[in-house]
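**Student:** After the C-alpha cells below, expect a handful of questions from me.
The values are calculated or read from the model by the stated rules, or taken from the named source; none is laboratory data. Nothing here was measured: the structure is a model prediction, and the numbers come from that model. Note that we place each Cβ from the backbone using ideal geometry, even for glycine, and neighbour counts take in every protein chain shown. What goes into the accessible areas is simple: the full protein's heavy atoms, side chains included, and nothing from ligands, DNA or RNA. Shrake-Rupley method; radii C 1.70, N 1.55, O 1.52, S 1.80 Å.
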Amino acid sequence: MTKVRSKRVWVGSPPALRGLGRVAFSLRYEYEAPLPAPPFVVAANHYSHFDSPVVGAGLRLPIRFLALEDLFGVNRLLDWLVTGYGAIPTPRDRHPVGATRTALSALEDGQVVGVFPESTRVSHWGVLPPKRGAAWLALRAGVPLVPTAVIGTGRVFGLENKLQRHPLRVIYGKALHPDTEDEHALMSKWSDWVGSRLADHPESEAEGPRRAFWAEG
C-alpha cells in the first residue's frame with residue numbers, strides 16, 4: 001500500500017511544488033549536465049526541511065531520501081508525508097544497518113536514493129564535516145553520485161522553522177562516477193563542488209551564529 005501511495009505522491013506533487021516554488025520563492029533549477037539514468041545517489045547540502053521536497057521536485061523522478069527516525073512519530077500528517085514519499089528511516093545514534101540495506105536494495109531495484117552528508121540541518125555550509133555514507137552507497141552499488149547544491153532554503157525555512165520570503169535555487173552538478181575513486185576522494189570532490197556553488201551566493205545563508213540542529217559529541 002505504501003509503494004502505491006508513494007508512486008501517486010511522486011506523480012502529483014512535484015509539478016505542484018515547482019509551480020508553488022516559482023510563485024512564492026522564485027525557485028529556479030539549474031542542470032550543469034544531463035542527469036544519469038537511474039539508479040544513482042543524490043547528495044545535497046542541508047539547511048532546511050524544505051530541502052528534500054525541492055530537490056526531489058527538480059529531479060522529476062521518485063527519490064528515496066534517508067530521513068532521521070526523529071521525524072517519525074511527531075505527528076500523523078508528517079508521518080503520512082514522509083512515508084508517502086518513500087523515505088528510509090535512519091537512526092541518529094547507532095550504525096544504520098537496516099537503512100543501509102534498504103538503500104542498497106532500492107539502488108539495486110533501479111531507484112534513486114537521496115542523502116544529506118551533513119546528517120542534520122545546519123545554518124551555514126561547513127559547520128559540520130560531511131560523512132561518507134553517500135560515497136559508500138555509490139561505490140558499493142556501483143552507481144553515479146549526483147552532487148546537488150541547495151541555495152536559500154536556510155533563509156526561507158531554516159533552523160528556527162520560521163517561514164520567510166527569499167529566492168531559492170537548486171543546482172545539479174555533473175554526475176561523479178565512482179569507478180576509480182575511494183570514499184574519501186569521492187566526498188572530497190562532492191564537498192569542493194558544493195562549496196564552490198554556495199560561495200557564489202553568500203547572501204543566501206541564514207544570518208546569525210554558525211550552528212547545527214544536532215551536533216554529535
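**Student:** So if I take the centroid of the Cα atoms in region 106-145 and the same for region 163-194, what is the distance between those two points in Å?
**Tutor:** Value for the Cα centre distance between the two parts: 9 Å.
**Student:** On full extension of the chain, what length is gained from Asp200 through Leu163, given 0.36 nm per residue of separation minus the C-alpha to C-alpha distance?
**Tutor:** Stretched out fully, the Asp200 to Leu163 stretch lengthens by 11.0 nm.
**Student:** Write down the accessible area per residue of the chain in Å², having rolled a 1.4 Å probe over the full set of protein chains. Don't skip to the end; give the middle numbers.
**Tutor:** On the way: 11230 Å² over 217 residues.
Accessible surface, normalised per residue, equals 52 Å².
**Student:** Counting helices only, and only those DSSP H runs with n ≥ 4, report the 222 nm mean residue ellipticity of the chain as the sum of -39,500 (n - 2.57) divided by its residues, in deg cm²/dmol to the nearest 500. Mind dumping the intermediate values first?
**Tutor:** On the way: 7 runs with 85 residues, N = 217.
One gets -12000 deg cm²/dmol as the mean residue ellipticity at 222 nm.
**Student:** Give me the Kirkwood hydrodynamic radius of the chain in Å, from all C-alpha pairs, to one decimal place?
**Tutor:** 17.4 Å
**Student:** Using per-residue counts of other Cβ atoms within 10 Å, averaged over each peptide, order 50-62, 96-108 from highest down. It would help to have the intermediate numbers written out before the result.
**Tutor:** Values: 50-62: 21.3, 96-108: 16.4.
Descending packing order for the listed peptides: 50-62, 96-108.
**Student:** Would you calculate the separation in nanometres between label points at His184 and Arg22, each defined as 7 Å from the Cα along the Cα-to-beta-carbon direction?
**Tutor:** The modelled label-to-label distance comes out at 4.6 nm.
**Student:** Additional query: Which percent of the accessible area of the chain is formed by carbon and sulfur heavy atoms (probe 1.4 angstrom)?
**Tutor:** Solvent-exposed carbon and sulfur of the chain make up 56 percent of the total.
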